[in-house]
Amino acid sequence: MERDKELSKLVNVLRRTSRMALQSEWTGSSEDAARFCVEQYNRVLARLKELDPSVASVFEPLADGSSLTVAAMACRQLAAYYEDEIGKGAGWGDWAGGCGNTKQGLWVDQRAFKEFWNKSARDIEDIGEFIRENIDEWVRQYKGKQGGPRGSDRSRSNPDPEKTKP
């Protein structure tokens with residue numbers, strides 16, 4: 001398998017393992033889940049070390065008794081290490097097909113959301129994950145396009161309490 005394709009697959013495994021670890025932590029899963037996530041992270045890391053020996057200077061295998069939270073964090077960090085190389089995922093963050101309402105500040109990347117929905121929207125948690133992974137970028141892009149005053153520069157009117165009575 002070519003290196004880039006294998007990297008992409010391994011990073012996908014890391015992302016899914018991270019999500020699974022967090023969900024298992026939230027639902028109170030047993031030690032089996034923690035052990036599986038730690039072993040999965042360690043297997044992926046071992047393969048990445050074969051493909052890219054420089055990763056060994058930054059990441060180490062997790063200890064056998066590591067928690068689900070630690071496994072999730074380790075998976076996310078290792079996946080993030082390769083984001084510049086392989087990207088965040090197909091279509092995510094590409095605003096060419098966006099639509100929205102500037103008054104309400106709602107924007108949706110139509111192509112990325114359609115691809116996401118078709119591939120993995122079987123569980124409602126996937127929508128939350130999609131939003132969590134992209135909200136920072138959406139806010140940054142929205143603020144960059146938005147003109148006018150920001151933060152403390154905004155003027156506020158003090159409502160007259162008499163006008164708000166029923």
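The values are calculated or read from the model by the stated rules, or taken from the named source; none is laboratory data. Because the structure is predicted, anything quoted here is derived from the model rather than measured. All Cβ positions, even for glycine, are placed from backbone atoms using ideal geometry, and neighbour counts span all protein chains on display.
Look through Leu51, Leu7 and report the one residue that is in contact with a Phe, Trp or Tyr (Cβ under 8 Å, 6 or more places away or on another chain) and within 19 Å of Gly87 (Cα to Cα).
Values: Leu51 fails: in contact with a Phe, Trp or Tyr (Cβ under 8 Å, 6 or more places away or on another chain).
Result of the check over Leu51, Leu7: Leu7.
Using beta carbons and a limit of 6 Å, which pairs, at least six apart or on different chains, have the first residue in the stretch 7-25 and closer than 15 Å to Glu39 by Cα and the second one among the polar types (S, T, N, Q)?
Thr17/Gln40
Restricting attention to the stretch 3-31, and to residues there that are over 22 Å from the mean Cα position of the chain (by Cα) and of a type outside the set (Gly, Ala, Ser), which single residue is modelled with the lowest pLDDT?
Among those that are over 22 Å from the mean Cα position of the chain (by Cα) and of a type outside the set (Gly, Ala, Ser), it is Glu31.
Any residue in the stretch 65-88 that is among the acidic types (Asp, Glu) sitting within a Cβ distance under 7 Å of a residue that is part of a helix (DSSP H, G or I)? List the pairs, counting only those 6 or more apart or interchain.
The qualifying pairs are Glu85/Leu7.
Name the pairs whose Cβ atoms lie under 7 Å apart, with the first residue in the stretch 129-146 and closer than 17 Å to Arg15 by Cα and at pLDDT below 85, the second part of a helix (DSSP H, G or I) and not β-branched (Val, Ile, Thr), and 6 or more positions between them or separate chains?
Pairs found: Glu129/Arg19; Phe130/Phe116.
In this structure, is Ala34 over 18 Å from Asn12 (Cα atoms), among the aliphatic types (A, V, I, L, M), modelled with pLDDT of 85 or more and in a helix (DSSP H, G or I)? So that I can check it myself, show each step before the final result.
Details: over 18 Å from Asn12 (Cα atoms): yes; among the aliphatic types (A, V, I, L, M): yes; modelled with pLDDT of 85 or more: yes; in a helix (DSSP H, G or I): yes.
Yes.
Select from the stretch 52-65 the residues that are in a helix (DSSP H, G or I) and touching a helix residue (DSSP H, G or I) at 6+ places or on another chain (Cβ under 6 Å) and list them in ascending order. Show your work before the answer.
The initial filter retains those residues of the stretch 52-65 that are in a helix (DSSP H, G or I), namely 53-57.
Val55, Ala56, listed by residue number.
Out of all the residues in the stretch 53-68, which are under 22 Å from Arg3 (Cα atoms) and loosely packed, with under 15 Cβ neighbours inside 10 Å?
To start, the set of residues in the stretch 53-68 that are under 22 Å from Arg3 (Cα atoms) comprises 53-61.
Pro53, Ser54, Ala56, Ser57, Val58, Glu60 - these are the residues of the stretch 53-68 that are under 22 Å from Arg3 (Cα atoms) and loosely packed, with under 15 Cβ neighbours inside 10 Å.
Which residue, of Ser66, Ser155, is at pLDDT 85 or above and polar (S, T, N, Q)?
Working: Ser155 fails: at pLDDT 85 or above.
Sole residue among the options that is at pLDDT 85 or above and polar (S, T, N, Q): Ser66.
Please verify whether Val70 is β-branched (Val, Ile, Thr) and farther than 24 Å from Glu25 by Cα, treating the condition exactly as stated. I'd like the intermediate steps shown before the answer.
Working: β-branched (Val, Ile, Thr): yes; farther than 24 Å from Glu25 by Cα: no.
When the stated conditions are applied, Val70 does not pass them.
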